[in-house]
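J.: Pasting a structure here, questions to come.
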Amino acid sequence: MPKRNIGLRGKLPVVRASSRQTACTTEAGECGNNYNKVVSWIVALTSHPTRIKIKHDEEKSGFVLGTRATCSEIILRQEVLKDGFHRDLLIKVKFGESIEDLQTCRLLIKQDIPAGLFVDPYELASLRERNITEAVMVSENFDIEAPNYLSKESEVLIYARQDPQCIDCFQAFLPVHYRYHRPHSHNGETSIVVNHPDLLMFCDQEFPILKCWAHSEVAAPCALENEDICQWNKMKYKSVYKNVTLQVPVGLTIHTSLVCSVTLLITILCSTLILVAIFKYGHFPL
């Protein structure tokens with residue numbers, strides 16, 4: 001009996017080990033798979049702790065996985081109204097989604113005016129007094145009477161206003177005028193290209209979605225009647241159209257002699273009629 005008990009005790013570990021090997025074999029290597037999973041998790045935790053922490057922080061803040069994923073584009077539309085040599089440039093800006101925080105933001109449009117156009121600073125002052133638009137000339141030594149070939153580009157700052165019919169929309173209005181151009185030898189028209197403006201935004205409070213659109217910072221006046229300088233965010237946007245192109249009628253060089261002759265004759269005729277009227281109906285004291 002003692003020998004049987006000793007032999008039985010010696011065989012028990014072998015029998016238990018055999019049963020475990022049989023169970024793992026019959027269950028399609030489940031034990032080995034579980035072991036490999038545990039090892040892989042341990043390696044991941046020990047080798048990339050910062051990556052897991054960053055991902056957790058992003059999910060917690062909701063910025064990368066939330067705001068970044070839902071960032072919408074800013075849509076800008078430039079339109080030219082009216083006909084003739086005196087036009088109106090209308091700029092509309094629409095944000096892709098309704099954002100209540102935009103109520104605390106200001107939008108500034110920095111528009112370059114090509115040499116073929118000009119903006120009358122006295123007209124802008126009159127429009128500001130009537131609260132029609134908020135625009136101011138930036139360029140100095142500006143001559144509104146100079147022709148196209150003697151002019152340079154100018155710059156205008158337009159403080160856009162919120163559209164009362166759209167929560168997330170802004171609009172700006174600017175009157176522009178054609179300059180006189182040199183006559184051409186063949187074509188009776190010339191083109192003026194109005195480039196896309198710079199879009200600047202300043203908000204009284206920060207909100208995460210602003211980081212989706214901000215490109216860089218630009219120093220500009222905080223308000224039209226304020227000399228303080230603020231750091232505006234230069235925004236990225238998508239334009240509905242390409243650059244606006246205007247067609248301007250110009251004279252032809254082959255008509256130079258005809259135009260000069262007719263102008264001289266009309267001037268002499270009108271001057272003669274004025275002199276005749278003065279001597280006929282005028283009263284001169286002796």
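J.: State yes or no: is I75 open to solvent by less than 50 Å² (accessible area, probe 1.4 Å), part of a strand (DSSP E or B), modelled with pLDDT of 90 or more and within 30 Å of F207 (Cβ to Cβ)?
T.: Here the answer is no, as I75 does not meet what is asked.
J.: If I132 meets every condition in (1) modelled with pLDDT under 95; (2) surrounded by 14 or more Cβ atoms within 10 Å (Cβ to Cβ) apart from one, which number is that one?
T.: (2) is the only condition that I132 fails.
Conditions (1) modelled with pLDDT under 90; (2) more than 20 Å from L102 (Cβ to Cβ); (3) in contact with a His (Cβ under 6 Å, 6 or more places away or on another chain), marked per residue:
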{"site": "W232", "(1), (2), (3)": "no, no, no"}
{"site": "Y241", "(1), (2), (3)": "yes, yes, no"}
{"site": "L246", "(1), (2), (3)": "no, yes, no"}
{"site": "C260", "(1), (2), (3)": "no, yes, no"}
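J.: Let me ask something else. Restricting to strands (runs of 3 or more DSSP E) lying wholly in the stretch 167-286: which have 3 or more residues that are on the phi > 0 side of the Ramachandran plot?
T.: On the way: elements: 169-178, 189-194, 198-203, 214-223, 226-235, 244-249.
No strands (runs of 3 or more DSSP E) qualify here.
J.: Report, by residue number, each residue of the stretch 162-205 that is more than 30 Å from D143 (Cβ to Cβ) and out of contact with any helix residue (DSSP H, G or I) (no Cβ under 9 Å at 6 or more places or on another chain).
T.: Within the stretch 162-205, D163, P164, Q165, C166, C169, F202 meet the criteria.
J.: Taking into account only those residues within the stretch 78-122 that are part of a helix (DSSP H, G or I) and surrounded by 14 or more Cβ atoms within 10 Å (Cβ to Cβ), which is modelled with the lowest pLDDT?
T.: Keep residues of the stretch 78-122 that are part of a helix (DSSP H, G or I), which gives 100-104, 121-122.
Filter again for surrounded by 14 or more Cβ atoms within 10 Å (Cβ to Cβ), leaving 101-102, 121.
Working: D101: 62, L102: 72, P121: 93.
Taking the candidates together, the pick is D101.
J.: Picking from P164, P114, P147, which residue would you name as being within 22 Å of the chain's Cα centre (by Cα) and free of Cβ contacts under 8 Å to residues at least 40 places away in the same chain? Spell out the reasoning first.
T.: On the way: P114 fails: free of Cβ contacts under 8 Å to residues at least 40 places away in the same chain; P147 fails: within 22 Å of the chain's Cα centre (by Cα).
Just a single option satisfies the conditions, and that option is P164.
J.: What are the residue pairs meeting all of these: first residue in the stretch 129-141, first residue of a type in the set (S, T, Y), second residue open to solvent by 100 Å² or more (accessible area, probe 1.4 Å), Cβ atoms under 9 Å, and 6 or more apart or on different chains?
T.: S139/K152; S139/E153
J.: Quick test of your reading of the structure: K152 fulfils all but one of (1) within 21 Å of V244 (Cα to Cα); (2) charged (D, E, K, R); (3) open to solvent by less than 50 Å² (accessible area, probe 1.4 Å). Name the failing condition by number.
T.: (3) is the only condition that K152 fails.
The values are calculated or read from the model by the stated rules, or taken from the named source; none is laboratory data. It should be emphasised that the depicted structure is a prediction, and the values quoted were computed from it without experimental measurement. Cβ coordinates were reconstructed from backbone atoms using ideal geometry, including for glycine residues, and neighbour counts include every protein chain displayed. Each accessible area value is taken on the protein alone, full model and side chains, heavy atoms only, with ligands, DNA and RNA left out. Shrake-Rupley method; radii C 1.70, N 1.55, O 1.52, S 1.80 Å.
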